[in-house]
Amino acid sequence: MRLAGVARIVGLSLVAGSWTSAAEDIAAVLESSFMAKNQATMARLQQDAVQEVCSAPRGTPVEETVLSELRQQRLDAVVLPADGVFLGDWQRGAEVAGNGRGLQSSDDPTKPNGGNCYACHQLAPDEVAYGNLGPSLTGYGARGQSEPMLRYTWTKLWDTHAYNLCSHMPRFGAQGILSEQQLRDVMAYLLDPASPVNQTKQ
Amino acid sequence: MKTVFFWSVCLALSLGAARVPADGVFDQYRDLMGDDNPAVFVIDEGEELWFTAQGPKSATLEACDLGLGSGVTAGAYVRFPRYFADTNEVMDVEARLVHCMTTIQGRDLESVTAKPYSLRGDLGTEIEALVTWLAAESEGETIAPEQTHAAEREMYVLGEEIFFYRAGPHDFSCATCHEQSEMRIRLQSLPDLTSHAGAANAWGSWPAYRISQGLVRTMGWRMRDCFRQQRWPELQMGSTTSIALQTYMAVNAAGGVMSAPGLKR
């Protein structure tokens, strides 16, 4: 899945030559340093275009046209729910948000993956065990359920890079981490007025 | 005595839980433990293993050169990872120990590296015990990894590049969790390994006794488990990636103090 063309563009566009992608060398080093274990295959070490562009050390300048082209590609590739139904069951969404398992070599591949939202985000105000790598989403539902809001939130969950290239957040839809139904349920957990996310602290 | 200790920990944990973040609770736990780190038993075990004749050559590890001369263990750990002329490689402590076991003791590489890190419920491995003792042999010393040889400096550059390498279904790199300060996953504090303070705190506190696992864990294990959580395949002990990342961390930590074995959640 490597897009060599993008890699070349990035390599050429770097200012002052402070960093050049040594991805080919790194690939060989990684190949010799890891071993496949259960569902965690060696193929996972290969980067796609987003991963390659977003692996430049912090502060490394990348040309804005490269970024905006890639961002547009990601936006174009977003798959909205075929039936137009964006919202599922917030209670099932709560389970997805709290579940940190899935796709690790130690995880049972027959069980559904979690979204692990709480690892990085504050959501329901009563849950104190939340991380802070991402912004707090408590009260997210106050933004309402207009069509643009539904599409925006879905897109953010499907592929965060469509809006914010090189965000730390996983691409839950685009990478097949969560199913369409799980995404609907997480959408409801965020947006349903009855969801704990949208209640004030007890 | 044990019961009193147990309840005072519970009391401290319940008092603490209301107002301090989780790591504060573990700080209090650490304070209560004082010098009573269960890792002391593992240190003793490691020392005993160093002086035990093993393998086809029935040799101890006393002839093992950790960089400061044959058999010199005091202060050796804080100079790792470092270049060794006899192997023409930059090695971490674990790789160097494996080298000594296979050459000096004549042991089989495959059996020595078959299970470097214990699983939950195990008693701990030989590598874990030896590394813990060697870290303790550098306790209080200044972290000062060798960066004189070109190969050592190249290893740092490679480590930095791998640190930011995103891959896997979740697009995670080391940097995802470890390039910002004061960040948490759930309630677990994450060190910023790109900063001196964060790297020094992390590098200086491993190996560590993990309270939740009842085992001493090495930095090699810590990184393997990070990659498991990154959804990557399994990092191999003594691999170039492992040594490059440890070099990146140790050099960023240089000037800090080695206080391992630590005590962690």
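FYI, it's all coordinate maths here, none of it is from the lab. Here the structure is a predicted model, which means the values were calculated and not measured. No Cβ is skipped: glycine too gets one built from the backbone with ideal geometry, and neighbour counts run over all protein chains shown.
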### Message
Using only the Cα atoms of region A:90-198, what semi-axes does the equivalent ellipsoid have when each is the square root of 5 times a gyration tensor eigenvalue? Give whole Å, largest first.
### Response
20, 16, 14
### Message
Net charge around residue B:67, counting only other residues with Cβ within less than 10 Å of its Cβ (Lys, Arg = +1; Asp, Glu = -1)?
### Response
+1
### Lys/Arg +1, Asp/Glu -1 at C-beta; chain B dipole; positive extreme among B:61, B:46, B:229
B:229
#### Entry: Average beta-carbon neighbours from other chains, 10 Å sphere, peptide B:170-178
6
### Query
Dipole magnitude of the protein assembly as shown about its Cα centre, charges +1 at Lys/Arg Cβ and -1 at Asp/Glu Cβ only, in debye to the nearest 20?
1140
### Partner aspartates and glutamates for residue B:57 [C-alpha distance under 19 Å; skip if fewer than 8 residues away on the same chain]
B:48, B:65, B:108, B:110, B:126
### Overall dimensions of region A:38-86 as given by Cα atoms, namely Rg and Dmax in Å
15.3, 42
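Which three semi-axes in whole Å describe the equivalent ellipsoid of region B:31-108, each the square root of 5 times a Cα gyration tensor eigenvalue, listed largest first?
Details: eigenvalues 123, 61, 19 Å².
Listed largest to smallest, the semi-axes of region B:31-108 are 25, 17, 10 Å.
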## Note on the structure
Once amide hydrogens are built 1.01 Å from N within the peptide plane, the residues lying 5 or more places from residue B:143 or on another chain with amide H under 5 Å from its amide H are B:255, B:256, B:257, B:258
### Message
Just to be sure I follow: if Rg is taken over the C-alpha atoms of the protein assembly as shown and Rh is the Kirkwood radius over the same atoms, what is Rg/Rh?
### Response
1.00
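How well do other chains shield peptide B:159-166, expressed as the mean number of their Cβ atoms within 10 Å of each residue Cβ?
6
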### Query
Hey, what's the Cα Rg ratio for chain A versus the globular rule of thumb, 2.2 N^0.38 Å?
1.13
### Task
Sum up the charges of everything whose Cβ sits under 14 Å from the Cβ of residue B:175, counting Lys and Arg as +1 and Asp and Glu as -1, but leave residue B:175 out.
-3
### Query
Around residue A:159, what is the net charge, scoring Lys/Arg as +1 and Asp/Glu as -1 over all other residues with Cβ under 9 Å from its Cβ?
+3
### Task
Treating the angle as unsigned and between 0 and 90°, give the value, to the nearest 10°, between the Cα long axis of helix A:64-76 and the longest Cα principal axis of chain A.
50
### Task
Would you compute, for the Cα atoms of region B:149-217, the largest minus smallest coordinate along each principal axis and list the three values in descending order, in whole Å?
39, 31, 22
### Task
May I ask you to list the lysines whose Cα is less than 30 Å away from that of residue A:37, ignoring any residue fewer than eight positions away on the same chain?
A:111, B:115, B:264
### Query
How large are Rg and Dmax for region B:37-264 when only the alpha carbon atoms are used, in Å?
16.7, 51
### Message
Averaged over its residues, how many other protein chain Cβ atoms are within 10 Å of peptide A:49-55's Cβ atoms?
### Response
4
### Query
Between residue B:87 and residue A:152, what is the label-to-label distance in nm when each label sits 7 Å out along the Cα-to-Cβ direction?
5.5
### Message
Could you identify which residue out of B:52, B:87, B:218 has the top mean-square fluctuation in a GNM of chain B using Cα springs shorter than 10 Å?
### Response
B:87
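Using +1 on the beta carbon of Lys and Arg, -1 on that of Asp and Glu, and nothing else charged, what's the dipole of chain B about the Cα centre, debye to 20?
920
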### Message
Given contacts defined as C-alpha pairs under 8 Å and at least six residues apart, what's the relative contact order of chain A, whole-number percent?
### Response
24
### Per-peptide average of other Cβ atoms within 10 Å, ordering B:241-248, A:75-82 highest first
B:241-248, A:75-82
### Message
Take residue B:211 and residue B:63, extend 7 Å from each Cα along the Cα→Cβ direction, and tell me the distance between the two endpoints in nm.
### Response
4.5
### Query
With point charges of +1 on the Cβ of Lys and Arg and -1 on the Cβ of Asp and Glu, referenced to the Cα centre of region B:58-165, which listed residue (B:116, B:70, B:87) lies farthest in the positive direction of the dipole?
B:116
### Query
For region B:93-180, with equal point scatterers placed on the C-alpha atoms only and solvent neglected, what are the log10 I(q)/I(0) values from the Debye formula at q = 0.17, 0.19, 0.21, 0.25 1/Å, to two decimals?
-1.12, -1.18, -1.15, -1.09
### Query
In degrees from 0 to 90, rounded to the nearest 10, what is the angle of the helix A:147-158 Cα long axis to the longest principal axis of chain A?
50
#### Entry: Farthest toward positive dipole pole in chain B [+1 Lys/Arg, -1 Asp/Glu at C-beta], among B:199, B:211, B:142
B:211
